[in-house]
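The values are calculated or read from the model by the stated rules, or taken from the named source; none is laboratory data. What you see is a predicted model, and the numbers here were worked out from it, not measured in a lab. Positions of Cβ are backbone-derived with ideal geometry, glycine not excepted, and every protein chain shown enters the neighbour counts.
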Amino acid sequence: MIKKIAILTSGGDCPGMNVALKAVVNSAINNNIEPYVVFEGYKGLYENNFEKISKEEVKFIDRKGGTVIYSARFPQFADLDIRKKAVENLKAEGIEALVCIGGDGTYKGAARLTEMGIKTIGLPGTIDNDISSTDFTIGFNTALETITNAIDNLRDTSESHNRINVVETMGHGCGDLAINAAIITGAEVLSVPERKLTTKQMIDKLLASDSKRSKIVLVSELMYDDLNKIAEEIERATKQETKVTILGHIQRGGRANAIERLLTIRMANYAVKMLIKGKTGVAVNIVNNKFQTKPILDIVKMERPSKQKILSEYDEIV
Ligand code: ATP
């Protein structure tokens, strides 16, 4: 029986990390397990920066964006000696298990710790929805809402001024944020890694569009060298003023929405139950509305699912 577990958040922060933290703490205590928090992800494990936490201390954190136990990029964790120190620190405190909330890099760190005798379970925390084993990651839903609100606002002013807006979302190589936001907001043009458009293709679509005034060109990050240059070409070809808006880190912030909170609480509770059952080296997924676990080493090798179906739906709807 596990007596003490620690929780960390790592990689890019996302709405819902605090919700997950609170839910793991509550579930652990309800199962007579003492929870600890680790500050700044794997860096805190190495620096022995962790402490015991109570239900009272997490009572209100689910209303906050970001992560109250902080996150860090700590590439040094790939070094075996650094990980050995982290494992020593955990063992000295009698902590046998770790809940790791983050993206696929965080999962790789967890898999390495499993090999060194620490029980681990991953929770998918990233706005990008780029973990192939799960239909939804924690943070995706809220980030999508933030993007939707931003595009709606841009649409208001662009309609008034007869403008085209080139809008860039996050995604880290995964088009889910952009594709879903394009469907919701009716973006006239969509370009994602799964179906990348040339500037000429964008212009052709804009010229053929039924929209009379405002038009949105929605693109995922890391796809084009210079969006301003693309906007200039669009403006020249369409004779319509064209502006670029990079949504950037605004997408990462904010309080998790209600659906996100519900999904996250249930996922986190499931994670604690799976640890108690003896699962380790796995991460929690939601697939067809059901929770399940899958080995982390399999997850990080998985290919991205095809986006053909949802892209066809976008084509039919917009
Ligand atoms: P996001 O998708 O938001 O970027 P992420 O979890 O993928 O989140 P990364 O920075 O890739 O973010 O990884 C988080 C941390 O996990 C790293 O800073 C590092 O401490 C640890 N990590 C990543 N890859 C490995 C690895 N191969 N071995 C050990 N630790 C790793």
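Report yes if Gly122 is closer than 23 Å to Gly16 by Cβ, surrounded by 24 or more Cβ atoms within 10 Å (Cβ to Cβ), modelled with pLDDT of 95 or more and within 8 Å of the ligand (Cβ to nearest atom), otherwise no. No. Restricting Glu260, Glu221, Glu235, Glu241 to those that are under 19 Å from Gly125 (Cβ atoms), of a type in the set (Asp, Glu) and not assigned by the TED database to the domain that holds Val19 reduces the list to Glu221. Quick check on segment 198-217. Is at least one of its residues out of contact with any strand residue (DSSP E or B) (no Cβ under 7 Å at 6 or more places or on another chain) and under 30 Å from Gly102 (Cα atoms)? No.
Quick check: anything in segment 251-258 surrounded by 15 or more Cβ atoms within 10 Å (Cβ to Cβ) and over 15 Å from the mean Cα position of the chain (by Cα)? Among the residues of segment 251-258, not one is surrounded by 15 or more Cβ atoms within 10 Å (Cβ to Cβ) and over 15 Å from the mean Cα position of the chain (by Cα), which makes the answer no. Every test in (1) buried (at least 18 other Cβ atoms within 10 Å of the Cβ); (2) at positive phi is passed by Asn288 save one, and that test is (1). Just one residue in the set Glu232, Glu188 is over 16 Å from the mean Cα position of the chain (by Cα) and surrounded by fewer than 17 Cβ atoms within 10 Å (Cβ to Cβ); that residue is Glu232.
For segment 294-318, the set of residues classified as of a type outside the set (A, V, I, L, M, F, W, C), within 19 Å of Ser191 (Cβ to Cβ) and not in a loop (DSSP other than H, G, I, E, B) consists of Gln308, Lys309, Ser312, Glu313, Tyr314, Asp315, Glu316, listed by residue number. Restricting segment 28-40 to residues that are farther than 16 Å from Val68 by Cα and not charged (D, E, K, R) leaves a set whose member that is surrounded by the most Cβ atoms within 10 Å (Cβ to Cβ) is Ala28.
If you go through segment 146-159 one residue at a time, do you hit one that is hydroxyl-bearing (Ser, Thr, Tyr), farther than 23 Å from Glu313 by Cβ, surrounded by fewer than 18 Cβ atoms within 10 Å (Cβ to Cβ) and more than 16 Å from the ligand (Cβ to nearest atom)? Yes, segment 146-159 has at least one match.
The rows are residues; the columns are (1) surrounded by 15 or more Cβ atoms within 10 Å (Cβ to Cβ); (2) within 14 Å of the ligand (Cβ to nearest atom); (3) more than 24 Å from the chain's Cα centre (by Cα); (4) more than 20 Å from Ile121 (Cβ to Cβ).
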{"site": "Gly16", "(1), (2), (3), (4)": "yes, yes, no, no"}
{"site": "Asn26", "(1), (2), (3), (4)": "yes, no, no, no"}
{"site": "Ser54", "(1), (2), (3), (4)": "no, no, yes, yes"}
{"site": "Val58", "(1), (2), (3), (4)": "yes, no, no, no"}
{"site": "Asp79", "(1), (2), (3), (4)": "no, yes, yes, yes"}
{"site": "Val87", "(1), (2), (3), (4)": "yes, yes, yes, no"}
{"site": "Glu96", "(1), (2), (3), (4)": "yes, no, yes, no"}
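Considering (1) within 16 Å of the ligand (Cβ to nearest atom); (2) out of contact with any Pro (no Cβ under 9 Å at 6 or more places or on another chain); (3) in contact (Cβ under 8 Å) with a residue 40 or more places away in the chain, the lone condition that Gly102 does not fulfil carries the number (2). Evaluate the following for Ser133: is it away from the ligand (no atom under 12 Å from the Cβ), assigned to a strand (DSSP E or B) and not aliphatic (A, V, I, L, M)? Criteria not met by Ser133. The single condition among (1) assigned by the TED database to the domain that holds Arg163; (2) in contact with a Lys or Arg (Cβ under 9 Å, 6 or more places away or on another chain); (3) not aromatic (Phe, Trp, Tyr) that Ala268 does not meet is (1).
Taking segment 153-223 and the strands (runs of 3 or more DSSP E) fully enclosed by it, the elements with 2 or more residues that are touching a residue at least 40 places away in the same chain (Cβ under 8 Å) are at 164-169, 215-220.
How about segment 134-154: which of its residues are in contact with a Ser or Thr (Cβ under 9 Å, 6 or more places away or on another chain), of a type outside the set (A, V, I, L, M, F, W, C) and within 30 Å of Lys277 (Cβ to Cβ)? Hits for segment 134-154 are Thr137, Gly139. Number of residues in segment 271-293 that are over 19 Å from the mean Cα position of the chain (by Cα) and part of a helix (DSSP H, G or I) equals 5.
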